[in-house]
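The values are calculated or read from the model by the stated rules, or taken from the named source; none is laboratory data. This structure is a prediction, so every number in the text was calculated from the model and none was measured. Cβ placement follows ideal geometry from the backbone for every residue including glycine, while neighbour counts extend to all protein chains displayed. Note: areas computed on protein heavy atoms with side chains; ligands, DNA, RNA excluded. Shrake-Rupley method; radii C 1.70, N 1.55, O 1.52, S 1.80 Å.
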Amino acid sequence: MELVRATNRSVRLRNRSALLSRIFLDGPLTRQDLVRGTGLSQPAVSNVVGDLIDEGLVMEAGAAESDGGRPSMKLRVAPRYAVVVGVDVGETRVRVELFDLAMTLLASVEYPLEDGGTEPRTVAGHVLTGLDRVLADAGASRAEVLGVGIGVSGVVEQGTQAVVDAQTLGWDRVPLERLIAEGTDLPLHIDNGAKTLGQAEMWFGAGRGARHAVFALVGSGVGAAVVTSGVTYRGASSSAGEWGHTTLVYGGRPCRCGARGCLEAYVGAEAIIDRYREARRGRPVPGEDEESQLAALVAAADTSQTARRVLDETADYLGAGVANLINLFNPERVVLGGWAAMALGDLLPAVREAAGRQALRLPYAQVSIELCRLGVDAVALGAATLPIARLLATGGVRR
């Protein structure tokens with residue numbers, strides 16, 4: 001009898017998870033849409049949906065168009081059932097954002113990381129201060145928060161509490177989750193920023209509909225998330241996707257990781273600006289920070305042969321890096337994201353052309369190379385989906 005009860009509970013949990021996931025990712029949907037999309041029976045769908053509505057997690061969202069019979073009601077996840085926080089811990093700033101469950105941005109704040117500002121306790125302090133700020137700005141309470149998702153540069157080792165290794169930040173097994181948890185009891189979910197960007201683009205952006213995709217994050221540093229059969233590939237210790245530290249030129253330019261010739265040493269924002277400075281015979285690049293300096297380079301390319309040459313070389317290097325991804329993983333889609341990739345968006349045709357010269361013909365013919373659709377907020381938005389993914393997996397049970 002106990003086995004039967006346990007089996008019934010597990011079946012019901014799977015049904016709740018399947019239905020809630022479809023409503024969240026594809027809604028608004030009718031009950032008939034859910035029957036067709038999940039293969040569950042009409043009574044099973046009606047029972048689970050009824051429970052989700054009673055719990056306040058799902059709500060009706062108007063009538064679907066009718067062919068003359070009784071109109072069906074559309075269903076959606078209730079936006080204010082909870083709120084979620086997404087944090088982007090980059091190399092130049094910490095961005096903290098608050099969303100409802102419709103992924104509507106409710107509040108946002110960011111803190112530039114000045115020289116020495118990447119010290120772990122400083123970063124944790126920005127996260128905690130930002131959390132208080134966005135809740136206050138949106139008039140939301142801590143009780144409403146489903147969880148806090150954090151996307152961070154470097155390798156995130158999952159365990160009882162997440163630990164971050166980020167050589168470019170000078171972080172060696174930094175207990176980031178513990179440092180943040182010292183200031184809040186809210187559930188924390190920490191992952192690599194390229195992986196959170198990839199999840200956001202898979203759910204809401206350029207990755208929708210793809211089963212095999214690579215999401216490349218190009219900012220100050222460079223990383224990637226590899227999705228195969230709809231699941232992010234992590235490797236033995238979650239370090240898979242360190243695309244920026246694959247070797248592009250053996251014995252080439254020094255990389256911040258300590259090696260030479262890494263892709264990041266050619267196409268990361270810091271490296272692009274440094275190459276432009278060298279091409280200008282050491283003259284400083286206009287701008288107060290990396291973003292303004294990269295923007296100055298892009299603007300100068302219309303009138304400066306030097307700037308044009310640096311950008312053309314960057315497109316070639318980036319295309320070669322994309323070709324490596326195509327040859328290794330045979331994706332349907334390669335999506336370029338991150339603030340530097342967005343700033344260099346006009347190079348996309350040249351990147352595609354360069355990738356075509358370097359990649360094998362068949363896998364190149366099967367892939368599309370696109371810019372991300374969610375812009376510079378993709379890492380924070382993806383981080384905010386981490387607690388939502390947990391909610392969907394548990395069928396709406398908050399933990």
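Express the relative contact order of the range 336-393 as a whole percentage, based on alpha carbon pairs under 8 Å and six or more residues apart in sequence.
Working: 25 pairs, mean separation 31.4, N = 58.
Once divided by the residue count of the range 336-393, the mean separation gives 54 percent.
Given the options TYR233, ALA341, PRO286, identify the residue whose Cα lies farthest towards the positive end of the charge dipole of the range 204-353 (+1 on Cβ of Lys, Arg; -1 on Cβ of Asp, Glu). Result: TYR233. Residue by residue, the range 147-162 carries 3J(HN,Hα) couplings of x, 10, x, 10, x, 9, 5, x, 8, 9, 8, 7, x, 4, 9, 5 Hz when phi is fed to the Karplus relation 6.51 cos²θ - 1.76 cosθ + 1.60 (θ = phi - 60°); x denotes Gly or Pro. Please state, as a whole number in µm²/s, the translational diffusion coefficient that the Stokes-Einstein equation yields for the chain at 10 °C and 1.306 mPa s, with Rh defined as the Kirkwood radius across alpha carbon pairs. Here the translational diffusion coefficient equals 70 µm²/s. Which residue fluctuates the most in the chain, going by a Gaussian network model with Cα springs under 10 Å, if the choices are GLY282, GLY125, GLY205? Residue with maximal mean-square fluctuation among GLY282, GLY125, GLY205: GLY282.
Sequence-ordered 3J(HN,Hα) estimates for the range 125-136 from the Karplus curve with 6.51, -1.76 and 1.60 and θ = phi - 60° stand at x, 4, 4, 5, 5, x, 4, 4, 5, 5, 5, 5 Hz, glycine and proline given as x.
Among DSSP beta bridges lying fully in the chain, give the percent that are antiparallel, nearest 5. Let's see the in-between values first.
On the way: 36 of 57 bridges.
Of the beta bridges lying entirely in the chain, close to 65 percent run antiparallel.
Backbone amide hydrogens, once placed in the peptide plane, bring ARG93 within less than 5 Å of LEU113, excluding anything fewer than 5 places away on its chain.
Each part reduced to its alpha carbon centroid, the range 357-389 and the range 156-233 end up 14 Å apart.
Round to the nearest 0.05 the FRET efficiency obtained for GLU60 and VAL231 when R0 = 25 Å and r is the Cβ-Cβ distance.
Working: r = 32 Å, r/R0 = 1.29.
In this case the efficiency is close to 0.20.
For ALA78, the residues whose amide H sits under 5 Å from its own are VAL58, MET59, ignoring neighbours fewer than 5 places away on the same chain, with H placed 1.01 Å from N. Roughly what angle does helix 269-279 make with the longest principal axis of the chain, taking Cα atoms, 0 to 90 degrees, to the nearest 10? With both axes taken from Cα atoms, the answer is about 20 degrees. Each listed q (0.14, 0.15, 0.20 Å⁻¹) maps to a log10 I(q)/I(0) for the range 229-386 from the Debye sum over equal C-alpha point scatterers, namely -0.77, -0.88, -1.47. For the range 287-304, the Karplus equation 6.51 cos²θ - 1.76 cosθ + 1.60, evaluated at θ = phi - 60°, returns couplings of x, 8, 8, 4, 5, 6, 5, 5, 4, 5, 4, 4, 5, 6, 5, 6, 10, 10 Hz by residue, with Gly and Pro reported as x. Relative to its Kirkwood radius, the Cα radius of gyration of the range 342-399 gives an Rg/Rh of 1.22.
Estimated at the nearest 10 Å², the accessible area of MET59 is 80 Å² with a 1.4 Å probe.
Starting from a Cα-only point model with no solvent, please compute log10 I(q)/I(0) by Debye for the range 52-150 at q = 0.21 1/Å. For the range 52-150, the Cα-only Debye profile gives -0.99.
When the P(r) of the range 85-203 is calculated, the portion above 26 Å amounts to 14% of the C-alpha pairs. Helix 42-54 and the longest principal axis of the Cα set of the chain meet at an angle near 80°. Entry for the range 131-190 at q = 0.16, 0.17, 0.23 Å⁻¹: log10 I(q)/I(0) = -0.57, -0.62, -0.93, Debye formula applied to identical alpha-carbon scatterers, no solvent contribution. The overall shape of the range 285-346 is prolate: from the C-alpha gyration tensor, with semi-axes ordered a ≥ b ≥ c, the ratio a/c is 1.5 or greater and a/b exceeds b/c.
The long axis of helix 2-26 is offset from the longest Cα principal axis of the chain by roughly 60 degrees.
Over 19 Å, how big is the tail of the calculated P(r) for the range 187-313, in percent of all Cα pairs? Show your work: numbers first, answer last.
Working: 4579 of 8001 pairs.
Distances greater than 19 Å cover 57 percent of the Cα pairs.
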